[in-house]
Amino acid sequence: MTGGTTGGTTGGTTEGKTRPRGRPRTFDRDAALAVAVRLFWERGYEATSVGELTGAMGIRPASLYAAFGDKKSLFREAVEVYGRSPVGAFVGVALAEEPTAYGAFARILREAARTYADPSHPAGCLANSAATNVTEQDAEIAAFLRDVRNAGVTSFEERLRQGRAAGELPEGTDTPALASYFAAVVQGLSQRARDGADAEELAQVAEFALAAWPGARA
């Protein structure tokens, strides 16, 4: 269509006349969610207020509630989005792609050292760092994050059981304890990165941890 009037009247144009109210102003939901992910990653759940979220996301509180539900729902979705991103998905990718259990855990620890200290984004892991300041009032969020982390331990144990069955680990290897050990190392790498440790320091920790691998390496 070109310029002109729509449904014009005889004797003039519609200029200056009251026009129908347009559709409500919208926003890019994915872009706003990405901003929320970074804010929660930097500050944690408790220290990030709704006002700070809406200010950073460039939306009104009513828009946040309409699009995401509430702060808790927004946080849960932010954690899920983080978990699907390259910086959050590398653990699952390594477990799935590496042909040996040792190869998977070596890749996880070495990538964690690089990823958690990468200055292009907040340090550490969102699921770990966001939990450090959750109060009793938000026990639901603390439980949610605990479940996320425990799911990671379960995936570690499953991969280690597969490795033991394939002969990559000694028959008597305590796979639950070994899974907990590597989960503790990964969480420790995250915290050390939050405390300012660089990738080189974290890489040294990763290699020390790998030296504890039981039996012959596959």
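Give the residue that is farthest from the chain's Cα centre (by Cα), with candidates limited to residues of the range 68-98 that are small (Gly, Ala, Ser) and under 16 Å from ASP138 (Cβ atoms). Per the criteria, the residue is GLY69. Within the range 190-209, none of the residues are assigned to a loop (DSSP other than H, G, I, E, B), more than 30 Å from THR48 (Cα to Cα) and of a type outside the set (Val, Ile, Thr). Can you pull out the residues in the range 182-201 that are farther than 15 Å from SER129 by Cβ and either touching a residue at least 60 places away in the same chain (Cβ under 8 Å) or surrounded by fewer than 16 Cβ atoms within 10 Å (Cβ to Cβ) (or both)? Those that are farther than 15 Å from SER129 by Cβ and either touching a residue at least 60 places away in the same chain (Cβ under 8 Å) or surrounded by fewer than 16 Cβ atoms within 10 Å (Cβ to Cβ) (or both): PHE182, ALA184, VAL185, ASP198, ALA199, GLU200, GLU201. Annotation note: of VAL205, VAL186, the sole residue that is β-branched (Val, Ile, Thr) and out of contact with any Cys (no Cβ under 9 Å at 6 or more places or on another chain) is VAL205.
For the structure I just gave you, tell me whether LEU126 is aliphatic (A, V, I, L, M), open to solvent by less than 10 Å² (accessible area, probe 1.4 Å) and in contact with a helix residue (DSSP H, G or I) (Cβ under 6 Å, 6 or more places away or on another chain). Yes, satisfied.
Take the conditions part of a helix (DSSP H, G or I), open to solvent by less than 30 Å² (accessible area, probe 1.4 Å) and charged (D, E, K, R) and apply them to ASP147. Does it pass? Considered against the rule, which asks whether it is part of a helix (DSSP H, G or I), open to solvent by less than 30 Å² (accessible area, probe 1.4 Å) and charged (D, E, K, R), ASP147 comes out as no.
Kindly establish whether GLU136 is open to solvent by 60 Å² or more (accessible area, probe 1.4 Å), over 24 Å from the mean Cα position of the chain (by Cα) and free of Cβ contacts under 8 Å to residues at least 40 places away in the same chain. No; evaluated as a whole, the condition is false for this residue. Listed by position, the helices (runs of 4 or more DSSP H) inside the range 52-132 whose residues that are within 17 Å of ALA183 (Cβ to Cβ) and basic (Lys, Arg) number at least 1 are 101-116.
Within the range 140-155, the residues that satisfy the criterion of being within 15 Å of LEU95 (Cβ to Cβ) and either among the aliphatic types (A, V, I, L, M) or touching a residue at least 40 places away in the same chain (Cβ under 8 Å) (or both) are ALA151, GLY152, VAL153, SER155. Residues in the range 160-174 that are surrounded by fewer than 21 Cβ atoms within 10 Å (Cβ to Cβ) and in a helix (DSSP H, G or I): ARG161, GLN162, ARG164, ALA165.
The values are calculated or read from the model by the stated rules, or taken from the named source; none is laboratory data. For clarity, every value in this text was computed on a predicted model and none was experimentally measured. Ideal geometry is used to build each Cβ from the backbone, glycine not excepted, and the neighbour counts take in all protein chains shown. Remember, those area values only see protein heavy atoms, side chains included, never the ligands or the DNA or RNA. Shrake-Rupley method; radii C 1.70, N 1.55, O 1.52, S 1.80 Å.
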